[in-house]
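For reference, the structure is listed below as structure tokens.
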Amino acid sequence: MQFFDQGAVQQALPYSLLMDAIASGLQSPIESPARTHYEPNHDDSTVLIMPAWKQQSMMGVKLVSVWPGNSALGQSAVSAVYILISCANGNPIAVIDGTELTLRRTAATASLGARILARKDSHTLAVLGTGALSVPMVQAHISAMPFTRILIWGRTTAKAQAVVDRLALLGINAEASTDLQGTLEHADVVAVATTATEPFIRSEWIKPGTHVGLVGAFTAKMSEAEPALIARAQVFADSREAVLEKGGEVLHALKQGLIAPSDILAELAQLTLKPDNDWRADDQVITVFKSVGFAALDLIAGELVFNANTNIPK
């Protein structure tokens with residue numbers, strides 16, 4: 001059995017390659033039952049179990065820990081391990097750093113949605129949130145689109161500037177901001193990655209023509225944007241089924257009668273099947289890509305890591 005650490009995952013999953021792999025991989029049959037989650041401390045800390053498989057090929061199971069309180073301790077809120085199992089003989093064949101895999105596939109999924117749904121003349125990217133996903137979000141989005149300005153918003157100047165400093169070490173220029181409304185007024189594409197449980201993005205702050213990727217709220221109890229924004233926008237999902245079960249902002253809009261399930265216009269597999277389709281009604285419409293993550297994405301990424309690092313038969 002092989003072990004692939006953070007460095008091996010980073011090397012195997014450059015964002016442009018991962019985005020293309022997700023786009024093509026979602027066109028193949030992958031079984032991915034609904035994830036299960038547990039709250040061992042009976043609070044906001046959560047453990048997720050996410051399996052997916054291809055018959056007679058490969059199965060992957062991800063164990064994810066989400067501890068929102070870690071942010072106050074200077075630690076990552078999300079950590080994970082990923083296990084690959086051969087469907088030919090049932091043997092475990094690899095253990096993969098699931099934290100890096102999750103960060104990369106989450107950022108790649110959001111940027112893939114932006115590449116298809118955002119206006120083609122978009123030039124300013126705003127990333128909201130200063131956690132572990134902030135740098136991957138920037139890296140993935142600039143791999144997908146030619147942004148000329150990058151804004152990093154955080155609730156505190158120090159945290160926003162720390163992300164800007166990390167990006168500078170990677171040769172990426174960005175600006176720090178604590179003015180959320182002002183940041184949104186300049187943004188063409190907004191990537192949101194927080195652990196917020198209450199909506200902090202007001203609908204009126206999003207200008208016409210903006211694309212918003214909501215990826216932080218992955219349970220029904222979480223929310224980053226108020227329901228009114230969902231009602232204003234053309235709404236798309238990574239997985240329609242998963243979002244209707246766990247997508248906080250969408251569920252809140254549904255409960256308030258602002259939208260119907262049919263208002264989710266397409267999911268990622270449909271978007272990537274016809275990436276050149278004119279999914280936007282026009283350049284003034286707001287598009288929202290709601291992502292809660294689903295296990296097929298992890299299996300696609302896990303296979304890519306495995307194939308890049310070993311010649312052991314599947």
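Which number in (1) in contact (Cβ under 8 Å) with a residue 24 or more places away in the chain; (2) under 20 Å from the mean Cα position of the chain (by Cα); (3) not assigned by TED's automatic domain parsing to the domain that holds residue 64 marks the one condition that residue 303 misses?
Every listed condition holds for residue 303 apart from (3).
Six or more apart or on different chains, Cβ under 7 Å: which pairs go from a residue in the stretch 174-186 that's within 18 Å of residue 208 (Cβ to Cβ) to one that's among the β-branched types (Val, Ile, Thr) and surrounded by 15 or more Cβ atoms within 10 Å (Cβ to Cβ)? Could you list them?
Close Cβ pairs satisfying both conditions: 184/190; 184/206; 186/124.
Is it the case, given these coordinates, that residue 191 is in the same structural domain as residue 156 (by TED's automatic domain parsing), within 14 Å of residue 155 (Cβ to Cβ) and buried (at least 17 other Cβ atoms within 10 Å of the Cβ)?
In short, no.
How many residues does the stretch 86-115 hold that are touching a Pro at 6+ places or on another chain (Cβ under 7 Å) and either over 22 Å from residue 264 (Cα atoms) or assigned by TED's automatic domain parsing to the domain that holds residue 301 (or both)?
Selection size over the stretch 86-115: 2.
For the stretch 88-115, name all the residues that are in contact with a Phe, Trp or Tyr (Cβ under 6 Å, 6 or more places away or on another chain), hydrophobic (A, V, I, L, M, F, W, C) and either assigned to a helix (DSSP H, G or I) or surrounded by fewer than 22 Cβ atoms within 10 Å (Cβ to Cβ) (or both).
Result: 95, 101, 108.
Let's see how each residue does on (1) under 22 Å from residue 252 (Cα atoms); (2) of a type outside the set (Val, Ile, Thr); (3) in contact with a Gly (Cβ under 9 Å, 6 or more places away or on another chain):
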{"position": "145", "(1), (2), (3)": "no, yes, no"}
{"position": "170", "(1), (2), (3)": "no, yes, no"}
{"position": "178", "(1), (2), (3)": "no, no, yes"}
{"position": "182", "(1), (2), (3)": "no, yes, no"}
{"position": "198", "(1), (2), (3)": "yes, yes, no"}
{"position": "203", "(1), (2), (3)": "yes, yes, no"}
{"position": "206", "(1), (2), (3)": "yes, no, no"}
{"position": "209", "(1), (2), (3)": "no, yes, no"}
{"position": "217", "(1), (2), (3)": "yes, yes, yes"}
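For the stretch 4-39, give me each residue that is in contact (Cβ under 8 Å) with a residue 24 or more places away in the chain, touching a Leu at 6+ places or on another chain (Cβ under 8 Å) and loosely packed, with under 15 Cβ neighbours inside 10 Å.
The answer is 17, 27.
The values are calculated or read from the model by the stated rules, or taken from the named source; none is laboratory data. It should be emphasised that the depicted structure is a prediction, and the values quoted were computed from it without experimental measurement. A quick note on method: Cβ atoms are made from the backbone with ideal geometry, for glycine too, and the neighbour counts reach across all protein chains shown.
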